Every structure is written in structure tokens, then in C-alpha cells.
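Following: one structure in C-alpha cells, then a few remarks.
The values are calculated or read from the model by the stated rules, or taken from the named source; none is laboratory data. All figures in this text were calculated on a predicted structure; none of them were measured in a lab. Here Cβ is always computed from backbone atoms with ideal geometry, including for glycine, and neighbour counts include all displayed protein chains. Side chains included, ligands, DNA and RNA excluded: accessible areas come from the protein's heavy atoms. Shrake-Rupley method; radii C 1.70, N 1.55, O 1.52, S 1.80 Å.
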Amino acid sequence: MGANSSSISELPENEYLQKLSGSEPISENDPFWNQLLSFSFTTPTNSADLKLLEEATISVCKSLVEKNPRTGNLGSLIKVFLSRTKELKISAECQNHLFIWQAHNALFIICCLLKVFISRMSEEELQLHFTYEEKAGPSSYGVECEDLVEELLCCLIQLIVEIPLLDITYSISLEAVTTLIVFLSCQLFHKEILRESIIHRYLMHGRCLPYTSRLVKTLLYNFIRQERSPPPGTHVFQQQTDGGGLLYGIASGVATGLWTVFTLGGVGSKASAQLEQCSPLASQSLLLLLVLANLTDAPDTPNPYRQAIMSFKNTQDNTAFSSSNPHAFQINFNSLYTALCEQQKSDQATLLLYMLLHQNSNVRTYVLARTDIENLVLPILEILYHVEERNSHHVYMALIILLILTEDDGFNRSIHEVILKNITWYAERVLTEISLGSLLILVVIRTIQYNMTRTRDKYLHTNCLAALANMSAQFRSLHQYAAQRIISLFSLLSKKHNKVLEQATQSLRGSLGSNDSPLPDYAQDLNVIEEVIRMMLEIINSCLTNSLHHNPNLVYALLYKRDLFEQFRTHPSFQDIMQNIDLVISFFSCRLEQAGAELSVERVLEIIKQGAVALPKDRLRKFPELKFKYVEEEQPEEFFIPYVWSLVYNSAVALYWNPRDIQLFTMDSG
């Protein structure tokens, strides 16, 4: 690096990097550091350039891995960075571009080196590179360097929470967030979930612990603010060379290159133009927050970052904090809600919303009390609607969010009062006007049908049906299309049921007289279909017994397809639940017959509305209320930790890991 570097391809031959990774120890006071940290080269903007940067860094790292135990140069570089960060806050206030620029460059080099070190060695080996120093006598561990890892981690956290976010500090703030992610990336190189980790221990105990709530709060505010990276040309001063020395032109232009490497660099298949439109700091902060929140609990201490996420309150909440949780804080819920509504296209924002609704009762209560709940629900429905384009984890999170929301009766009532106009993304049918509740039903039913024909995932349709069941007693003024789709889904299930029964019968006949051929196991398929049919009948029954007079369109659809239900009337699995449905069908069929033949749709609906008032409710059998509650499975970290790291791997701004090194998940799971 240094002033003479102009492109990534030149890095392996760079004299300053060669000296850093060479055999000679470099004192932290050596002028060499000023030269090393004054560099500029072409900004990587795509994964190919990032891979090139990785390869160039690896060549330096290999040499440093071999020689650092004798030179201690990594430790010296870290000490140089630590010494410069002590003045960062003042530098930001005084607009000292040069000082911030060099501190950033030092951290950038540390991050690049750490990333390769962590991918190639155990934490214990890594710690040796932080602590080993050459002494005048026999080699030993340097006492003053024993906690250099902790000091660096603590310094990064302090930098994130204490340095004001300005144009000149944006990149170093982003670099600090990125370096913390890199520190935690050891998980990527293990198939099993890490439950004991040196880095985790430092972050959950000791000097880092008091900063827990401030770090979580800052990362959340970074996500909320969505600050875009400053345009190139607003950060730092252009360095100039004069002979063999190095001079800085205070009034000269701006250095481009590595300064903006993490603000505009591309990741994976993303185009740089996309990244310019988003906020790298917001994206990276959210990823770090998700990683920290999903660290496993220590044997003696619950994860403090998760505790902070579970307990923070609204800035307008004046109630006292619980003394049992020292990590609680306050944040502006209105700003958080707005950001969550706007960012749901990304997996990580949906995962954050899930975590907050599931774990933080203050957030859940606030969200459910919003009068503009459609701003949050519509993006979630869009995720489910475009199920073919989303990864399965994103779909699961969106669906579980709906399930959590439908646990609340107030939500189930209010969504039918919100009228939407022209839902352009819903392509099956033009919806000029529909309630949010009816749209939710349509999208969930579509998800069930997609799952039945494509993925056949029992977990998915179970959660879909649970959400519909939670809502069913509160169905109000169902749109005619929503009512039709409920019955159409039942029709589809009925056809599948008959088909499996027929296959089972044919198989049984074919196997008679042949003791050798095994009988195909249709029993399991039949059992699953009958469970779903039973649930659909319970959902229809729940609506009829609790809000029949509010839903003439559902009664109309039921009467139109009344023949569907004949075969289930005497079926032992459905007899009890069919009694009410059969009663409703018979009651309204009789009234329609009395009204005469060839009735218009409008007249039929009028008769249904009149009949709903006359129907004797005491004749309908009472069933237990349908209520399903989302409960995380045991050891949720087995799902969430690989998921979070797959998001980091695929979405982190300008971070590249060799896919062949990844052990935690397969490449198609991200």
C-alpha cells in the first residue's frame, strides 16, 4: 500500500506490504506506518475485484502468519490503530480529515488480515498472533499485549457508539462494524454451532459488556436512518509525493480508492449501481446486530445483546426499567416502525421484524396498536405472494410474522376495516377495492396451494392454516373472491383426498395374492391430507358460528359448491364438524328453494343476509375457539445461526469469503 499503490493487482509487490509481512520487527513508533497508511487505489466494485483483493491479501497473510510470531508486526499495527483512535472524536469535531483517513486505512488493513487469519486458523492460534512478542531474553508472551484482542474489540465498539456519524467518519464507522463481523466470522468455518468462543467471551464479559445497550441502540439507529455513503470527493485529502518523502496537501483534492472500498464495493451478484442506492452502513449494521443477537448464551450468562433487543422501550415510555436487566434502553418506535415497513424486501429486515415481534413485548404491543398496520402487513404479503422468487427462510419468517400478528384479536378485527385500492402486485385478479383482511386470506391460501403443488412442506402449510384459524372467528365482510378461494382450496383438498384413496385402493387390489411386493405407504399421505381438510372445515365452521351474519359471500360460495361436502358428512374424521356446516347449507338451501328458481346473484345475497338473522344460533354446536400460538422449536440456534451467516455471506457489503472454505451451510442454503 502506501502512496504509490494504484490498483489491487499491484498489492502483492507493494514494498510497504512486503515490509509489513517481512522478517524485520517494526516498532509502533516507526515512520513506516505513516507511509503504509497513506494509500489509494482503484475501488473494487464487483465480486471479481473483491476476490482479487482477497487473493492479494492472502499472499501477504501467508508471509505474516509465518513471520509475525517473531516480528510482532500485527500487534504493532493494531497498537498504531489504537493510538490513533484515541483522538478520533476530536478529529471528527475538528474536521481533521487526514487523521481519520489514516485511522481508517489502518483498520482496513487489520480487517483484511484478520479475515484471512480467521479463515485459516483456530481462535487459539489467532490469539497467539496478538500476544506473542520477541523479548530481549527467551521468547515469551508479552504481558502488556495479553488483552490486545479485547482492547481492539472494545475500541471498535467505542468507535461505533461514540464517533458522530459525519461524511468524514462514515467509512471508518462502516469499517468498524465490518471488522466486528469479521471477528465473529469464525462460525463460518465450523459445521457445528459455536457455543464456546474466545471472541464471544470478550464481547459478553469484561470491558465490552458495559457498551452492550449502546451498541445495540447505535446499530438499530444506523438501520433506521439508512444514511447513504457520502459521494466520492467529500472524505479525505489527496496525498502527494515529493521525492522520497510524503507530503499532505491540506487544500488539495480528495483521495479515492480504498477510502471508499466498503461504501461502494459490490457483493456477490449485486451490481454497484444497486449498492449506490442503498445504505452500506445500515445494511452492515443490521447484519452485525443479527449476528450478535444470535450468539449462543454463555454457560453462566445469557446473551446480553439478545437481552437488550428483548427489553428496549419506546422513547415515549416513562415507566421505570426493570432492575433485572441492565441492558435495557429507549429508542424512537415511530422511526423504527417506519424503517421496518420500508425495508421488508431484504431477508435481514424481515428477520429483525420477526425477532422484535417474537422477543420484545414493547415492540409487539406498539405495532399492534398502530392505525396504519397495512404499511407493515402489505410488504409481508408481497413476500409470500412472490414465494417463487424468495428463499424458503424468507418465506418462513414472513409467515411466522403473520402468525404472531394473528394471535391478537384486535389485529384480526382491524384488518377487515382497512380498505385497500388497486393492489397492483396481485396478478390473479384485478382488485380495485378489498379489505386488508380479505387480501391476507387470499395470499395465505395462494401460499398453501403453491406449497401443495410444489414444495409439499408440512411446516409451511401448518403455519398458513394456523394463521387462517386464528383469524377465522373475526372474518368480516369477506370479499367474494376471498370467499371463493376458501372453498376452492377445500375443493382442491377434496380432489387430492379422493386421488390418494383411489391409489391406495388400486394398490391394495394389485397386491392381493402377492405376498412378496410391499404395499406403498399411502396411509401417511392420507393422514396429512385429512389433517388439512379437518383444519379447513374447522376454519369454515369457526366463521359460520362466530360471524355468519357478517359474511354473506362465504355462505354464497358454500351453497354454490355444496356438493363438495357430501362425501365428508358421514366420514368418521369429519362427522362432528360437518354437523354445523350441513345445518347452514340445509337452512339456506331451503330458503333459496322457497324464493323460486333463477335468482340473480344480488337476490341470493339478499336472501342470505335475511336468513342470517333468522338462523337459530342455538342449533349450532359450540366448538373450542381456534387459537394457535407460535412457539420456537427447541435449540432455535440450529436454524437461526446458519441462516444469519448465510445472509452475511450473501449480503455483507464488500466482504468476500472463498465458498470452498465455508462449513456452516451449503452454498444453496443462502
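Note on segment 339-376: among residues that are assigned to a loop (DSSP other than H, G, I, E, B) and among the polar types (S, T, N, Q), the one that is most open to solvent (accessible area, probe 1.4 Å) is T371. From the list S91, S63, S27, the one residue that fits, being among the hydroxyl-bearing types (S, T, Y), modelled with pLDDT under 80 and either under 26 Å from Y170 (Cα atoms) or surrounded by fewer than 22 Cβ atoms within 10 Å (Cβ to Cβ) (or both), is S91. Being at positive phi and either among the hydrophobic types (A, V, I, L, M, F, W, C) or more than 48 Å from the chain's Cα centre (by Cα) (or both) is the filter here; which residues of segment 587-639 pass it? Within segment 587-639, G596, E598 qualify. Can you tell me how many residues in segment 478-506 are over 15 Å from N527 (Cβ atoms), within 38 Å of the chain's Cα centre (by Cα) and assigned to a helix (DSSP H, G or I)? The qualifying residues number 15. Scanning segment 394-436 for residues that are over 28 Å from the mean Cα position of the chain (by Cα), crowded, with 19+ Cβ neighbours inside 10 Å and over 20 Å from F475 (Cα atoms) gives no hits. Within segment 455-477, the residues that satisfy the criterion of being of a type in the set (A, V, I, L, M) and farther than 24 Å from N527 by Cβ are M471, A473. Mind checking which residues of segment 613-640 are in a loop (DSSP other than H, G, I, E, B) and free of Cβ contacts under 8 Å to residues at least 24 places away in the same chain? Correct list: P616, P624, V631, E633, E634, Q635, P636.
When restricted to residues that are among the aliphatic types (A, V, I, L, M), more than 16 Å from R364 (Cβ to Cβ) and at pLDDT 90 or above, segment 294-326 contains 2.
Please indicate, with yes or no, whether at least one residue in segment 457-478 is touching a residue at least 40 places away in the same chain (Cβ under 8 Å) and among the β-branched types (V, I, T). No, segment 457-478 contains no residue that is touching a residue at least 40 places away in the same chain (Cβ under 8 Å) and among the β-branched types (V, I, T).
Summed over segment 210-232, the residues that are in contact with a helix residue (DSSP H, G or I) (Cβ under 6 Å, 6 or more places away or on another chain) and either in a helix (DSSP H, G or I) or on the phi > 0 side of the Ramachandran plot (or both) give a count of 12.
For E134, indicate whether it is open to solvent by 60 Å² or more (accessible area, probe 1.4 Å) and at pLDDT below 75.
yes
Scanning segment 605-626 for any residue that is within 30 Å of H358 (Cα to Cα) and open to solvent by 60 Å² or more (accessible area, probe 1.4 Å) turns up at least one such residue. Between F574, F628, the distinction of being aromatic (F, W, Y) and closer than 30 Å to N391 by Cα belongs to F628 only. Among the residues of segment 66-88, those that are closer than 22 Å to V177 by Cβ and modelled with pLDDT under 85 comprise K86, E87, L88. In the set T505, T432, only one residue is at negative phi, in contact with a strand residue (DSSP E or B) (Cβ under 8 Å, 6 or more places away or on another chain) and not charged (D, E, K, R); that residue is T432. Would you say Y643 is under 40 Å from the mean Cα position of the chain (by Cα) and not in a helix (DSSP H, G or I)? It is false that Y643 is under 40 Å from the mean Cα position of the chain (by Cα) and not in a helix (DSSP H, G or I). Is it the case, given these coordinates, that S472 is on the phi > 0 side of the Ramachandran plot and of a type outside the set (A, V, I, L, M)? In short, no. You will find that of L246, L258, L203, the residue that is closer than 24 Å to L352 by Cα and either under 23 Å from the mean Cα position of the chain (by Cα) or at pLDDT below 95 (or both) is L203 and no other. Going through (1) open to solvent by 80 Å² or more (accessible area, probe 1.4 Å); (2) more than 20 Å from Q95 (Cβ to Cβ); (3) at pLDDT below 85 one by one, R195 falls short only on (3).
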